[in-house]
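The values are calculated or read from the model by the stated rules, or taken from the named source; none is laboratory data. What you see is a predicted model; the values in this text were computed from it and never measured. Virtual Cβ from ideal backbone geometry, glycine too; neighbours counted across all protein chains shown. Just so you know, the surface numbers come from the protein's heavy atoms only, side chains and all, with ligands and any DNA or RNA stripped out. Shrake-Rupley method; radii C 1.70, N 1.55, O 1.52, S 1.80 Å.
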Amino acid sequence: MHLKMMCLGRNWEPDDDKYVENRNVDGAKPHSIPQEFSLLVRDAIKDSQALMNVEYVLPSMSPSICVVNFYTASGRLGLHQDKAESFESLRKGLPVVSFSIGDSAEFEYADQRDDKKAEKVLLESGDVLIFGGISRNIFHGVTKVQQNTAPKALLDQTNLRTGRLNLTFRQY
Ligand SMILES: O=C(O)CCC(=O)C(=O)O
Ligand SMILES: [Fe+2]
């Protein structure tokens, strides 16, 4: 992992790939997920279901975890699966909902851990990426952050540092 990370709701421990009460680095408990965030997640799933008419393959979920990642220009994240959630959550294919803010990034995804077979999509500021249902276990990662691509208005109106902020929500 070449990024900075913190969690809301529950702490995900990258070394053990599991959720813990208190994070290893300083024993801190996570803050809860603000309700505004949960509503954004709910709306994103609803909009996606309406757009694609695939409610039966994209279940709804109520997030209990938000992984907050910050990538600088050299930030990246290797191909991995999000599989530390409960057996039930994974079995039902409850979606991962991911918001991108700031610099754009190349996001890769594949059905196996093989960069050569991965497809790529550019995630720009404001994009929401959802993978659930039969796609819940896809391998995915971030290969490159495109420096200085964040919208100027965003930087002018916020204190966001140069880089990419990603908020990824899941239901345990
Ligand atoms: O930054 C991203 O777009 C992906 C983040 C991710 O895959 C994760 O936190 O598990
Ligand atoms: Fe992930």
Item to check | Subset of the stretch 44-68 [at pLDDT 95 or above and either among the aliphatic types (A, V, I, L, M) or buried (at least 20 other Cβ atoms within 10 Å of the Cβ) (or both)] | outcome: A44, I45, M61, P63, I65, C66, V67, V68
Next on the checklist: S74 - would you say it is open to solvent by 30 Å² or more (accessible area, probe 1.4 Å), free of Cβ contacts under 8 Å to residues at least 60 places away in the same chain and small (G, A, S)?
Outcome noted: no
Checklist outcome for this item: The residue from G133, G163, G102, G141 that alone is touching a residue at least 12 places away in the same chain (Cβ under 8 Å), more than 22 Å from M5 (Cα to Cα) and not polar (S, T, N, Q) is G133
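Based on what the data block shows, is A153 without any contact (Cβ under 8 Å) to a residue 60 or more places away in the chain, surrounded by fewer than 19 Cβ atoms within 10 Å (Cβ to Cβ) and in contact with a helix residue (DSSP H, G or I) (Cβ under 9 Å, 6 or more places away or on another chain)?
no
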Checklist entry - Of (1) away from ligand 1 (no atom under 14 Å from the Cβ); (2) more than 23 Å from M6 (Cβ to Cβ); (3) open to solvent by less than 40 Å² (accessible area, probe 1.4 Å); (4) not small (G, A, S), E108 satisfies all except one. Which? => result (1)
